[in-house]
Amino acid sequence: MPVPIRRLFVALTLCCALLAGATACGSATDDATQNTAAVVAAAAASPSPSTTAERQKLAKTRFVANAGLAAGATYQWIVKPWKAGKFKKGASGRRFALVKAGLAGAFAYNRLKAAKKNAQGDPTLSKALAPLTAGIDSLKDLPSKLRKGDSTDATASSFDDIINKVKDAGKSAGAEVTDKVPSAGQLAGGS
């Protein structure tokens, strides 16, 4: 038993030395530390809103990201196959192209709704996107039409038109949108 008693004695001595050192150094600043801790706790309890300039920067950035993902998905899995004739009856790989287009349509609709919400945080973007709100809402039923294969030319054309109008509205508001093709995981996950 002599070994554990030695270890206990060393540990106890070390703890006492650390405790004594901490209290000796911190006794003069205890009030300041407590006041700082109270201020930090109060700030954490009541979050302050960001300034108008910060909200606008974040709104434009988020708008560009969401609209870019919608545009990339639309171009990659709806417009390109449509122009290549993959949606026509009897085309090779038609069913697979239609399923991918339906998923891309649902994804693009989701991201366009998010982009519309982001645009509401910026006065310039909200004015530019106001006329497009009805067009974005009209895309809601189009992904199911794509999956079923109903009027694929008109459906693909509508997606392409709305995406181009959103890009133009963003560009006029100073938030240029570039196509960003989402990964398969993002497309399958819907966001």
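Please treat every number below as a calculation from the coordinates, not as lab data. Remember, predicted model here, so these are calculated numbers, not experimental data. We place every Cβ from the backbone using ideal geometry, glycine too, and count neighbours over all the protein chains shown.
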Kirkwood Rh for region 86-191 from C-alpha pairs, in Å, is 14.5
Would you list, by chain and number, the lysines whose Cα falls below 24 Å from the Cα of residue 83, excluding same-chain residues fewer than 8 positions away?
-> 100, 140, 145, 148, 165, 167, 180
Calculated from backbone phi, Karplus (6.51, -1.76, 1.60) coupling profile of region 166-174 in Hz, x at Gly/Pro = 5, 4, 5, 5, x, 5, 5, 9, x
By average C-beta atoms within 10 angstrom, highest first, the peptides 68-76, 149-157, 177-185 = 68-76, 149-157, 177-185
Any chance you could list P(r) for region 117-174, counting all Cα-Cα pairs in 5 angstrom bins from zero, rounded to whole %?
-> 4, 20, 25, 20, 14, 10, 6, 2
